[in-house]
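Structure first, commentary second.
The values are calculated or read from the model by the stated rules, or taken from the named source; none is laboratory data. This structure is a prediction, so every number in the text was calculated from the model and none was measured. Note: ideal-geometry Cβ built from the backbone for every residue, glycine included; neighbour counts use all protein chains shown.
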Amino acid sequence: MEYQKILEDIYEEIQPFAGMGNQADYIPALAKVNPDQYGIALKTVNGESYSHMQADTRFSIQSISKVFALAMGLSLKGEDLWKIVGKEPSGTAFNSLVQLEVEKGKPRNPFINAGAIVIADMLISELDDPDAAFLNFIRELSGDESIDYNMEVAESEREKGYLNAAIVNMLKYHGTIKNDIEDVLMFYFRMCSVEMSCADLAQAFLAFTNCAPFDYAGFRLTSSQIKRLNAVMQTCGFYDEAGEFSYLVGLPGKSGVGGGIVAVYPMRYSVAVWSPRLNPKGNSIMGMKSLELLTSYTQESIF
Ligand code: GLN
């Protein structure tokens, strides 16, 4: 497959979408990001690497971090994890409170904010130094020690994080989380603030293609657990746009409001794309279009 040419062709073809949408400005530090940036990187399980444009520029991974947190949670808790968080698509926005009230504090899935906040709480309870463990895990997955939190982004999100504060309070009320709400919230914001490039993300997500034993920084997953993690990405990775992504792209994936999207073609490759301008559901417009074209041109999807 001529991936390099395909990535370059895709970039040309998505130009009519440049300028559509805006970067996430509800997080003040992200409002300062130049919205007109784009990068894409694809890495195969055979060690081939393809990229185009700003594939090495680091950006805020935001909700893509929820996949790393879920992997750690599954490794620590196994099937018991599903006692504190569900695995059904929510059909609502990533920061919605609606179901949380009706369903008495058990979040629908690990990829909406409520679900990731519950996993953050569990990681605080289980790990001696959750900040270091989370970073070590990502550094090992991507093979790059320089990956780090961006504290300015984390603090800035805390400043305006009214909805997430409401979510953590409702979870605490229902007894779903054990630790101090401020500690949980700040750990969640730090996880979201991690900065990685498309190349870093594609490398890290190769581990989720499920073609080699998974053992990173002491966190192990069986191949059956990786399969299930991909299933949750497929059904819940894009919140109330999970059906649309599945329909257009046909790969398990995860987005973040920093404009990044990662997708996995099991046993074959992982691909990461980034462009900060988002659609109203919080997903990158050029990112989604790129992956739709990638699986259309290559005819490679899980379906
Ligand atoms: N940190 C962001 C938030 O909590 C993550 C949301 C996202 O990337 N979809 O709002």
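Structural remarks
- Residue identified as over 30 Å from Gly39 (Cβ atoms) and either within 16 Å of the ligand (Cβ to nearest atom) or under 20 Å from the mean Cα position of the chain (by Cα) (or both) among Arg220, Arg158: Arg220
- Conditions (1) buried (at least 21 other Cβ atoms within 10 Å of the Cβ); (2) within 16 Å of the ligand (Cβ to nearest atom); (3) not polar (S, T, N, Q); number of the one not met by Ala207: (2)
- Condition check for Asp183: assigned to a helix (DSSP H, G or I), of a type in the set (Asp, Glu), under 18 Å from Ser270 (Cβ atoms) and at pLDDT 95 or above: no
Listed here are the residues, each with its yes/no results for (1) touching an Asp or Glu at 6+ places or on another chain (Cβ under 8 Å); (2) within 19 Å of Pro110 (Cα to Cα); (3) free of Cβ contacts under 8 Å to residues at least 60 places away in the same chain.
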residue	(1), (2), (3)
Met186	no, yes, yes
Phe189	yes, yes, yes
Ser197	yes, no, no
Phe208	no, yes, no
Gln225	no, yes, no
Phe245	no, yes, yes
Pro252	no, yes, yes
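- Residue match in region 41-48 (condition: crowded, with 21+ Cβ neighbours inside 10 Å and of a type in the set (D, E, K, R)): yes
- Residue in region 264-279 that is under 18 Å from Phe111 (Cβ atoms), touching a helix residue (DSSP H, G or I) at 6+ places or on another chain (Cβ under 6 Å), modelled with pLDDT of 95 or more and within 13 Å of the ligand (Cβ to nearest atom) present: yes
- Qualifying residues in region 1-17 (those that are surrounded by 14 or more Cβ atoms within 10 Å (Cβ to Cβ) and of a type outside the set (Phe, Trp, Tyr)) - the one farthest from Ser255 (Cα to Cα): Met1
- Test: residue in region 68-88 that is surrounded by 22 or more Cβ atoms within 10 Å (Cβ to Cβ) and farther than 30 Å from Lys172 by Cα: no
- Subset of region 162-204 (residues that are more than 18 Å from Met72 (Cα to Cα), hydroxyl-bearing (Ser, Thr, Tyr), within 15 Å of the ligand (Cβ to nearest atom) and within 14 Å of the chain's Cα centre (by Cα)): none
- Every condition in (1) surrounded by 21 or more Cβ atoms within 10 Å (Cβ to Cβ); (2) more than 27 Å from Glu48 (Cβ to Cβ); (3) not small (Gly, Ala, Ser) holds for Asp240 except the one numbered (1).
- Of all residue pairs spaced 6 or more apart or on separate chains, those with beta-carbon atoms under 8 Å, a first member in region 50-67 that is at positive phi and a second member that is part of a strand (DSSP E or B) are Met53/Gly39; Met53/Ile40; Gln62/Gly260.
- Here region 75-93 is the region considered, the condition is being touching a Pro at 6+ places or on another chain (Cβ under 9 Å) and within 23 Å of Asp131 (Cα to Cα), and the residue that is nearest to the ligand (Cβ to nearest atom) is Val85.
- Taking each residue of region 284-303 that is in contact (Cβ under 8 Å) with a residue 12 or more places away in the chain and looking for partners that are buried (at least 24 other Cβ atoms within 10 Å of the Cβ) and in a helix (DSSP H, G or I) with beta-carbon atoms closer than 7 Å, six or more apart or interchain, yields Met288/Phe245.
- Here the condition is being polar (S, T, N, Q), more than 13 Å from the ligand (Cβ to nearest atom) and surrounded by 18 or more Cβ atoms within 10 Å (Cβ to Cβ); of Ser51, Ser125, Ser63, Ser96, it holds for Ser51 alone.
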